[in-house]
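Here the structure comes first, spelled out in structure tokens, and everything after it is commentary.
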Amino acid sequence: MIGGLPRSVEIAIVGGGVMGASTAYHLAAAGADSVAVFERTEHFEDGATNRCAGGVRYQFATDVNIRLSLQSLPMLERFKDEIGVDPQYRACGYLFVLTDREDVARFEQHVSLQRSLGIDTKWLTGDDVRERVPLMRFPDALAGTLYERDGLADPNSVLSGYLAKSRQLGVEVHTGVEVHSLAVEDGKVRALTANGERIEVGAVVNAAGPWLAEVGKMAGVDIPVQPIRRQMVTTTPLPALPPDFPFVIDFAQSLYFHREGDGVLTGMSNPDQTPGFDQTLDEAWELAALEAAVERMPMLENAGRLGAWAGLYEVTPDAHPIFGPTPVEGFWVVGGFSGHGFMHGPIAGKLMAEYLLDGEPTSVDVRGLDLARFSEQRLIHEYNVI
């Protein structure tokens, strides 16, 4: 040990968010006996995982994303039994509200695909939408989709559960430790430098979330992921809000609402947001988002602002994640989920364990989501992003 850090480790995971924690747990559970996680922040709650909205869903537009959900969400349902921590999963349902005719046509195709894979998504008329959420204002709703098993889970519980279980299984978890460089020799990653100390490695998993590209540069690997700021607001209690209020998405505006305690969490994606690592609140955008939110949910006019925060999406050119090897031997990547990382974190870690220990992913075929697809122009675009 050097200053509390190991001199060598077989598998080093850079990033202690849900991707890194899930990968560490699944590696250790499968028998890997020399795994260490290096997280740059002192407290895990400061990372990207705990700054997300907590949504989990099956409603996607591509076969592979739906299959990831079909594996990952049941893992959240089993989480307490397997990991020993309640993830606070609750199936409130996702209601996508469609106000644009092109979106209606696209979502008809998505629902057909979802049903072919066993997801019984309901197709709603505009009147159905207005009846389902009578306290909201959707005079322009043309249609909607609803799947009752979509819902919410608690990011902090999932992250802390995986980390605690990983430690029990022998994983070293180091916080406040920033990886500054990677040593690549003869086309293979050989070591990393963290807090000024060189640590010999057999393999490195880049699970750095919004910092994927930065860590990739250390190995001379181009990873096309950009950090994009997203922010949200929570309100004081709203007694009129029904207990069965779903996760509502005004799709055309990328505006969303869900219950948060006795109040509401709401946010809206800024289409003009420039890439970067700034996580301070944009007050002007918050005002614009709240004005749009009040237009859809008039009761918010009487609610107080309980809290607000910003986090980072890790966005790829096709809004799909990256799994697997890179041109540098022993340097692996998992990330770029473009806002869907938390919900797919459980299966993502298992898939990376399969890659590293068995040579290929078997739980879900994600070989098409490799890094090489960008240079080879094999992009798989996900339409259903917010």
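The values are calculated or read from the model by the stated rules, or taken from the named source; none is laboratory data. Just so you know, these numbers come straight off a predicted model, no measurement behind them. Counting neighbours? That spans all protein chains shown, and the Cβs are built from the backbone with ideal geometry, glycine included. For the accessible areas, the whole protein counts, side chains as well, though only heavy atoms, and no ligand, DNA or RNA atoms are used. Shrake-Rupley method; radii C 1.70, N 1.55, O 1.52, S 1.80 Å.
Give the residue that is nearest to Leu98 (Cα to Cα), with candidates limited to residues of segment 125-145 that are touching a Phe, Trp or Tyr at 6+ places or on another chain (Cβ under 9 Å), open to solvent by 10 Å² or more (accessible area, probe 1.4 Å) and outside any helix (DSSP H, G or I). Top of the filtered list is Met136. Of the conditions (1) open to solvent by less than 10 Å² (accessible area, probe 1.4 Å); (2) of a type outside the set (Ser, Thr, Tyr); (3) assigned to a loop (DSSP other than H, G, I, E, B), Asp222 satisfies every one except a single condition; which number is it? So the condition that Asp222 fails would be (1).
Just name the residue that is nearest to the chain's Cα centre (by Cα) out of those in segment 71-124 that are more than 21 Å from Thr145 (Cβ to Cβ) and acidic (Asp, Glu). Ranking the qualifying residues of segment 71-124, first place goes to Glu77.
Being under 21 Å from Trp285 (Cβ atoms) and either without any contact (Cβ under 8 Å) to a residue 12 or more places away in the chain or buried (at least 19 other Cβ atoms within 10 Å of the Cβ) (or both) is not true of Pro246. With respect to (1) within 14 Å of Val248 (Cβ to Cβ); (2) in contact (Cβ under 8 Å) with a residue 40 or more places away in the chain; (3) of a type outside the set (Lys, Arg), the lone exception for Pro134 is condition (2). For segment 191-219, filtering for residues that are in a loop (DSSP other than H, G, I, E, B), over 11 Å from Thr326 (Cβ atoms) and modelled with pLDDT of 95 or more leaves 2.
Per the conditions (1) open to solvent by 10 Å² or more (accessible area, probe 1.4 Å); (2) in a strand (DSSP E or B), the sole criterion not satisfied by Asn270 is (2).
The single condition from (1) assigned to a helix (DSSP H, G or I); (2) of a type outside the set (Asp, Glu); (3) under 27 Å from Gly311 (Cβ atoms) that Leu357 fails is (3). The residues in segment 265-300 that are small (Gly, Ala, Ser) and closer than 15 Å to Ile386 by Cβ can be counted, and the count is 5.
The helices (runs of 4 or more DSSP H) located wholly in segment 55-118 that include 2 or more residues which are within 15 Å of Leu152 (Cβ to Cβ) and open to solvent by less than 40 Å² (accessible area, probe 1.4 Å) occupy 63-77. The test for being among the small types (Gly, Ala, Ser) and either crowded, with 19+ Cβ neighbours inside 10 Å or under 26 Å from Asn65 (Cβ atoms) (or both) holds for Ala310.
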